[in-house]
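Here's the structure we're looking at; comments come further down.
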Amino acid sequence: MDFNVTGFDLTALPQLRQMWAAQAESLRHELEHQDAYPKYIVKTVADAAAYQGVRVENVGSAGELKNMTFPSHSSVILDFGEHHVGYFEFTMRTATGYCDSPVSLRLMMAELPYELEYTSDKFTGKLSQGWIQEEYIKIDVLPGTIRLPRRYACRYLRIDIIATPNQLIFDQICFDTVAARNSLPQAPAGVSVLDQELYTAACRTLRDCMQTCFEDGPKRDRRLWLGDLYLQAKSNAVTYRDYLLVERSICLLAANTNDAGMIAVCAFEHPGMRTNCFYPDYMMLMPALLLDHLDEYDRREFAAGFYPLAIQQLRVFRGMIAGENCTLTRYPQYRYFIDHCPQLEVETAEICVYIFALRKAAELARKLGFDGDIAALTAEADRWEQNIRKYAFDHDSGLLVSGAARQVSQASQIWGILSGVLSIDEGKAALTKVKTLPGAVRSRNPYLLTYLLEVYDICGMSEDLDELLHSYWGGMLKLGADTFWEMFDPDDLYQELYGDAYLLSACHAWSCAPSLYIR
Ligand code: RAM
């Protein structure tokens with residue numbers, strides 16, 4: 001890097017990784033438990049207007065369950081009334097008390113009604129089928145209570161009784177739910193019913209992703225991701241305010257820093273399970289994440305401890321820029337992400353993330369007393385701002401463009417505004433234009449759309465902000481969501497993900513942002 005700022009000692013990495021792993025461990029806290037019980041007995045109904053073509057209909061109160069008897073080849077579906085994460089305990093017996101052969105059950109834990117219809121032959125996904133929450137269990141000794149060892153994320157539970165020695169009775173089905181913070185915060189007073197529902201679903205989404213670290217989705221991938229963490233930490237600051245969980249999550253990612261000093265953008269909690277994901281735009285969120293943390297909780301020592309690592313992410317990215325004309329070198333092992341959109345030209349957005357990160361780093365340096373870095377960070381931001389305006393700003397349309405094809409996308413305008421490359425007036429005009437411009441690449445992904453909410457806010461476009469909140473996140477609610485989904489395309493109710501809609505995570509961290517905008 002050709003700007004002179006606080007260095008990062010790569011030779012100290014082995015000790016640093018160990019220190020951060022130990023720090024993460026010391027910050028681990030106990031989960032809160034709460035028992036949940038089924039509320040309704042339901043059945044699935046095919047309905048072309050429903051999300052993924054399936055909805056559930058109540059057929060009775062779950063209070064009836066203990067009076068029901070189930071023969072071999074029967075089924076029941078239970079609705080717990082809301083999405084939870086936790087462990088199942090079944091208290092069962094046979095009607096006669098006689099149990100000369102095992103009880104054999106198939107269980108399907110489902111976040112969405114569509115999953116209740118799953119059979120393994122239907123699976124077409126590119127990620128592991130192991131993520132599907134389907135279990136086959138055998139119970140040899142009844143009466144008794146069995147607890148399943150795996151943690152599940154679901155609202156519905158389907159039980160297929162494959163075989164039972166005689167009529168089976170469920171005396172109790174308990175869902176021992178877990179989260180770092182179990183009670184949902186109250187929606188702010190005086191907001192509309194729709195906003196209350198949005199707020200609650202956003203808090204529930206965040207709650208169920210807050211386990212012993214900030215997970216991206218408790219059904220899949222059950223991992224900590226830096227991009228998701230950045231948005232979770234913001235929402236957490238206005239809801240649960242669990243700052244130690246933020247710190248533990250940062251330590252876990254830092255403990256997986258590679259030999260080039262790039263912070264891992266995702267991590268498992270178990271030290272034996274390693275990931276190998278390095279996304280430059282996620283890595284560059286580090287200065288902003290630390291700055292938010294410092295502003296919210298005044299944790300100076302913590303922020304200062306990670307400041308050199310945050311600066312290192314900028315240094316690494318600087319080395320990825322191929323030329324003054326804002327082109328990037330491509331590497332097979334690193335992914336420029338920005339949005340889950342294969343046709344997106346990311347160069348302009350990536351450089352704008354860099355400028356955004358430099359400016360956040362300069363502010364962080366000022367607040368932490370790294371005064372010697374401020375001028376260099378600011379000069380570097382100014383230099384790339386000029387380059388972006390020279391090579392990627394189209395004066396005729398007033399829009400930022402990206403790549404050799406000069407692609408227009410929402411992503412470029414959004415990061416152009418967040419970085420300060422576009423002024424508020426320019427940003428307002430660009431966002432308005434890109435909304436309807438034919439051929440412009442627009443997002444269908446809650447991650448990028450959360451930044452769109454933010455820039456609408458920055459540009460004072462409150463009507464557009466409300467419209468996006470109510471049509472996109474509100475659109476999920478209208479289709480029955482009680483937690484927000486990993487992906488949602490309002491024009492495609494059968495949207496698949498990774499080759500199969502069954503893989504969709506219906507409670508996903510990066511979708512939890514509405515709580516930030518309902519005040
Ligand atoms: C998906 C996950 C995760 C996200 C990455 C980039 O695999 O949903 O949340 O951060 O993509």
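The values are calculated or read from the model by the stated rules, or taken from the named source; none is laboratory data. Keep in mind that this is a model prediction, so the values were computed, not measured. Here the Cβ is made from the backbone with ideal geometry for all residues, glycine too, and neighbour counts use every protein chain on show. Side chains included, ligands, DNA and RNA excluded: accessible areas come from the protein's heavy atoms. Shrake-Rupley method; radii C 1.70, N 1.55, O 1.52, S 1.80 Å.
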Task: Of the criteria (1) farther than 26 Å from HIS340 by Cα; (2) out of contact with any His (no Cβ under 7 Å at 6 or more places or on another chain), which one LEU244 fails - done: (2)
- [ ] Within the range 211-224, identify whether any single residue is of a type in the set (A, V, I, L, M, F, W, C), within 16 Å of the ligand (Cβ to nearest atom), within 15 Å of the chain's Cα centre (by Cα) and in a helix (DSSP H, G or I), and answer yes or no.
- [x] no
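Out of all the residues in the range 238-259, which are more than 16 Å from the ligand (Cβ to nearest atom), open to solvent by 10 Å² or more (accessible area, probe 1.4 Å) and part of a helix (DSSP H, G or I)? Can you show your working first?
Within the range 238-259, the first condition is being more than 16 Å from the ligand (Cβ to nearest atom), and the residues that meet it are 238-248, 251, 254-255, 257-259.
Checking the rest, the ones that are also open to solvent by 10 Å² or more (accessible area, probe 1.4 Å) come to 238-241, 243-244, 255, 258-259.
Selection gives TYR243, LEU244.
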TODO: Return yes or no: is ARG274 modelled with pLDDT of 95 or more, over 18 Å from PRO308 (Cβ atoms) and open to solvent by 10 Å² or more (accessible area, probe 1.4 Å)?
DONE: no
Open item on the list: Looking at (1) closer than 22 Å to ILE355 by Cα; (2) within 15 Å of the ligand (Cβ to nearest atom); (3) not small (Gly, Ala, Ser), which one does MET262 not meet, given that it meets all the others?
Closed with: (2)
Open item on the list: Residues that are aliphatic (A, V, I, L, M) and surrounded by fewer than 17 Cβ atoms within 10 Å (Cβ to Cβ): does the range 166-176 have at least one?
Closed with: no
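A quick yes/no check of all residues on (1) open to solvent by 10 Å² or more (accessible area, probe 1.4 Å); (2) more than 16 Å from the ligand (Cβ to nearest atom):
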{"site": "THR450", "(1), (2)": "no, no"}
{"site": "ASP466", "(1), (2)": "yes, yes"}
{"site": "TRP485", "(1), (2)": "no, no"}
{"site": "ALA501", "(1), (2)": "yes, no"}
{"site": "ALA509", "(1), (2)": "no, no"}
- [ ] May I ask you to list the residues in the range 10-37 that are open to solvent by 60 Å² or more (accessible area, probe 1.4 Å), more than 19 Å from ILE250 (Cβ to Cβ) and in a loop (DSSP other than H, G, I, E, B)?
- [x] GLU30, TYR37
Open item on the list: Can you find a residue that is among the hydrophobic types (A, V, I, L, M, F, W, C), within 16 Å of the ligand (Cβ to nearest atom) and in contact with a strand residue (DSSP E or B) (Cβ under 9 Å, 6 or more places away or on another chain) anywhere in the range 348-361?
Closed with: yes
Open item on the list: Restricting to the range 57-105, count the residues that are β-branched (Val, Ile, Thr) and in contact with a helix residue (DSSP H, G or I) (Cβ under 8 Å, 6 or more places away or on another chain).
Closed with: 3
- [ ] Considering (1) within 28 Å of CYS213 (Cα to Cα); (2) under 20 Å from the mean Cα position of the chain (by Cα); (3) surrounded by fewer than 16 Cβ atoms within 10 Å (Cβ to Cβ), say which one PRO342 fails and leave the rest.
- [x] (1)
Open item on the list: If I go through the range 86-109 residue by residue, how many of them are within 38 Å of the chain's Cα centre (by Cα) and among the acidic types (Asp, Glu)?
Closed with: 1
Open item on the list: Just to check your reading of the model, which residue among VAL56, VAL85, VAL5 is modelled with pLDDT under 95 and either of a type in the set (Asp, Glu) or surrounded by 14 or more Cβ atoms within 10 Å (Cβ to Cβ) (or both)?
Closed with: VAL5
Open item on the list: Exactly one condition in (1) open to solvent by less than 30 Å² (accessible area, probe 1.4 Å); (2) within 21 Å of ARG223 (Cβ to Cβ) is false for GLY144; which is it?
Closed with: (2)
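Kindly indicate whether PRO308 is open to solvent by 50 Å² or more (accessible area, probe 1.4 Å) and either free of Cβ contacts under 8 Å to residues at least 24 places away in the same chain or under 27 Å from the mean Cα position of the chain (by Cα) (or both). Break it down into steps so the answer makes sense when it comes.
On the way: open to solvent by 50 Å² or more (accessible area, probe 1.4 Å): no; either free of Cβ contacts under 8 Å to residues at least 24 places away in the same chain or under 27 Å from the mean Cα position of the chain (by Cα) (or both): yes.
No.
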